[in-house]
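Below is one structure, written out as structure tokens, with a few remarks after it.
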Amino acid sequence: MPIGARMLSSPVVKTALITGITGQDGSYLAEILLGKGYAVHGVVRRVAIEDPEHRLWRIRHILPRIRLHAASLESFPSVFQVIQRVQPDELYHLAAQSFVGYSFEDEFSTLATNTNGTHFVLAAVKEASPGTRLYFAASSEMFGDAPAPQNEQTRFQPRSAYGISKLTGYHLARNYREAYGLWAASGILYNHESPRRGFEFVTRKVTSMAARIKLGIESEIRLGNLDARRDWGHAREYAMAMWSMLNHETPDDYVVATGETHSVRELLELAFDAAGLDPYRHLVVDADLVRPADIHTLQGDSSKARRVLGWSPTIAFDALIREMVASDLEYYEQAGARAGAHD
Ligand code: GDP
């Protein structure tokens, strides 16, 4: 063997494709996979490539290390072409209209995008890359008002077009697994947050408003249902659970949750306390922000993921919200300094 031949033969690198790579979960997952030595590809809309400043901020720091492909979840041929070209070992299908509140304003696009998008991905994998292991981002919203805590055996009772769209995707993934032998696993993830969470979700709304009020940029925060209880975990740990599912011997569906719930009121009090503020001097309860059908309590029982995958969350709610407030304070302080520099 010539000297150096061993060094020249590169180790086997797994390839992963992520739809929704520009989102909170996609960005954490891409970092985790890069850390494990994967070749990481992402599906993004063409507009994202044309407007990287606004649409790619969560993955800006890893852009030189990943490959992006333009496709639309609304177009089967475009999804098919990317999957055929990349031939991923693992495909993480995270892309969706992911905000429940918006699904009440536009049921039609939520159902069409989420349901067809998942169907297109499944059909394309079956035809063009049948050896791919597929992860589908299902959701605790599929449980709706089912009694808490919910697990994989709980009967689904979705209460929004979003929940219905995710339930359809979940059944489609299961059906492709059973009917065509596709390696498909669904993660039934409960709410998961981080400093990268979108501003429309209640955690980020509260932490960003706490920072903005603290810095004198705003004076009030408007919220809807303060009594809703959610099981909030950290998105980075939930992305890790996705990888564990695809690296288990057999495909299956798992609830991923902390098992602990807190109300929106507790969230508000904790975030404002972290910013050194009294929330009740700034809170306005706005009936327009109450959803036509809300879910009172979502609380997951993730014993199966803990037992089978060895996954368990470590970041407590308190630490999560304090991390988000600290990050938002830093962000708005720097934004203020940047704006000041232009005066
Ligand atoms: P979801 O569980 O996926 O719907 O996550 P959200 O963060 O959007 O909402 C969590 C809960 O907070 C729901 O029960 C909402 O009704 C409640 N909530 C109360 N006020 C607000 C608000 O101003 N914005 C949002 N997004 N949710 C709110």
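Out of the total accessible area of segment 57-141 (probe 1.4 Å, heavy atoms of protein only), what percent is carbon and sulfur? The partial results should precede the final answer.
Working: 1930 of 3720 Å².
About 52 percent, which is the carbon plus sulfur part of the accessible surface.
Which order do Arg338, Arg177, Arg230 take when ranked by solvent-accessible area (1.4 Å probe, heavy atoms of all protein chains), largest first?
Numbers: Arg338 120, Arg177 50, Arg230 20 Å².
From most exposed to least exposed: Arg338, Arg177, Arg230.
Using r as the Cβ-Cβ distance of Arg291 and Gln153, and R0 as 30 Å, what FRET efficiency do you calculate, to the nearest 0.05? Walk me through the intermediate numbers first.
Values: r = 27 Å, r/R0 = 0.90.
It comes out at approximately 0.65.
Run a plain Debye calculation on segment 121-160 (Cα atoms as equal point scatterers, no solvent) and give log10 I(q)/I(0) at q = 0.35 Å⁻¹, rounded to two decimals, same order as the q list.
-1.19
Where Rh denotes the Kirkwood radius from the mean inverse Cα pair distance, what is Rg over Rh for the chain? Mind dumping the intermediate values first?
Details: Rg = 20.8 Å, Rh = 21.1 Å.
With Rg and the Kirkwood Rh in hand, the quotient comes to 0.99.
Excluding Val264 itself, what net charge comes from residues whose Cβ is under 9 Å from its Cβ, given Lys and Arg +1 and Asp and Glu -1?
Values: positive: Arg229, Arg230, Arg265; negative: Asp227, Glu266.
After counting each charged neighbour, the total is +1.
Could you tell me what % of all Cα pairs in segment 43-175 have separations over 17 Å?
Values: 5539 of 8778 pairs.
Tail fraction, whole percent: 63.
Quick one: what do you get for segment 102-210 if you divide its Cα Rg by 2.2 N^0.38 Å? Working shown, then result.
Values: Rg = 15.5 Å, N = 109, 2.2 N^0.38 = 13.1 Å.
Taking the Cα Rg and dividing by 2.2 N^0.38 Å, one obtains 1.19.
How big is segment 138-197 in terms of Cα radius of gyration and Dmax, in angstroms?
12.7, 40
Hey, any idea what the orientation-averaged projected area of the convex hull of segment 246-343's Cα atoms comes to, in nm²?
On the way: hull surface 42.9 nm².
The number I arrive at for segment 246-343 is 10.7 nm².
Net charge near Gln87: determine it from the other residues with C-beta under 15 Å of the C-beta of Gln87, scoring Lys and Arg +1 and Asp and Glu -1. Please report the intermediate quantities before stating the final value.
On the way: positive: Lys14, Arg67, Arg85, Lys126, Arg133; negative: Asp89, Glu90, Glu127.
Local net charge: +2.
Working from the alpha-carbon coordinates of segment 27-101, get Rg over Rh, Rh being the Kirkwood radius. Spell out each step's value before the answer.
On the way: Rg = 12.7 Å, Rh = 13.4 Å.
So for segment 27-101, dividing Rg by the Kirkwood Rh gives 0.95.
Please work out how much length the chain gains when fully extended from Ala316 to Arg338, using 0.36 nm per residue of separation minus the C-alpha to C-alpha distance, in nm with one decimal.
Numbers: separation 22, 0.36 × 22 = 7.92 nm, distance 3.30 nm.
Extra length available between Ala316 and Arg338 comes to 4.6 nm.
Ignoring everything except DSSP H segments at least 4 long, calculate the 222 nm mean residue ellipticity for the chain; use -39,500 (n - 2.57) per segment, divide by total residues, nearest 500.
Per the formula, -12500 deg cm²/dmol.
Grab the alpha carbons of segment 215-257, take their convex hull, and tell me the volume per residue in Å³.
Details: hull volume 5.1 nm³, N = 43.
That works out to 120 Å³ per residue.
So what's the projected area for segment 87-126, the Cα convex hull averaged over all directions, in nm²? Don't jump to the answer; show the numbers that get you there.
On the way: hull surface 11.6 nm².
Here the figure is 2.9 nm², rounded to one decimal.
Report the full-extension gain for the segment Glu249 to Arg55: residue separation times 0.36 nm, less the Cα-Cα distance, to one decimal in nm. All intermediate terms of the calculation are to be shown ahead of the outcome.
Details: separation 194, 0.36 × 194 = 69.84 nm, distance 3.56 nm.
66.3 nm is the gain from fully extending Glu249 to Arg55.
Which one of Ala235, Ala305, Ala257 has the biggest mean-square fluctuation once the chain is modelled by GNM with Cα springs under 10 Å?
It is Ala305.
Please say if segment 250-302 is rounded, prolate or oblate, where rounded means a/c under 1.5 for a ≥ b ≥ c the square roots of the C-alpha gyration tensor eigenvalues, and otherwise the choice is prolate for a/b larger than b/c and oblate otherwise?
Working: a/c = 3.88, a/b = 1.75, b/c = 2.22.
Oblate, because a/c is 1.5 or more while a/b does not exceed b/c.
Taking Lys14 as the anchor, which aspartates and glutamates have their alpha carbon closer than 20 Å to its alpha carbon, excluding any fewer than eight residues away along the same chain?
Filter leaves Asp25, Glu31, Asp89, Glu90, Glu249.
Local charge sum around Phe120 (other residues, Cβ-Cβ under 12 Å, Lys/Arg +1, Asp/Glu -1)? It would help to have the intermediate numbers written out before the result.
On the way: positive: Lys126; negative: Glu74, Glu127.
So the environment of Phe120 carries a net charge of -1.
Please compute the per residue accessible area over segment 155-271 with all protein chains in place, 1.4 Å probe, rounded to a whole number of Å². Numbers along the way, then the final one.
Values: 4090 Å² over 117 residues.
Per-residue value: 35 Å².
Give Lys166/Lys205; Lys36/Lys126; Lys166/Lys214 a once-over and call out the pairs whose C-alpha atoms are over 29 Å from each other. Spell out each step's value before the answer.
Working: Lys166/Lys205 24 Å; Lys36/Lys126 26 Å; Lys166/Lys214 37 Å.
Going by Cα-Cα distance, Lys166/Lys214 fall outside the 29 Å limit.
Which whole-number percent of Cα pairs in segment 291-333 have a distance greater than 11 Å? Spell out each step's value before the answer.
Details: 686 of 903 pairs.
Tail fraction, whole percent: 76.
With viscosity set to 1.002 mPa s at 20 °C, what whole-number translational diffusion coefficient in µm²/s follows for segment 169-279 from Stokes-Einstein and a Kirkwood radius over Cα pairs?
In µm²/s, the coefficient is 132.
Could you pull the Cα extents of segment 25-70 along its three principal axes, largest to smallest, in whole Å?
Result, largest extent first: 29, 18, 17 Å.
The values are calculated or read from the model by the stated rules, or taken from the named source; none is laboratory data. Because the structure is a prediction, the values reported are computed rather than measured. As a convention, Cβ positions derive from the backbone with ideal geometry for all residues, glycine included, and neighbour counts pool all protein chains shown. To get the accessible areas, we keep the full protein, side chains included, count just its heavy atoms, and leave off ligands, DNA and RNA. Shrake-Rupley method; radii C 1.70, N 1.55, O 1.52, S 1.80 Å.
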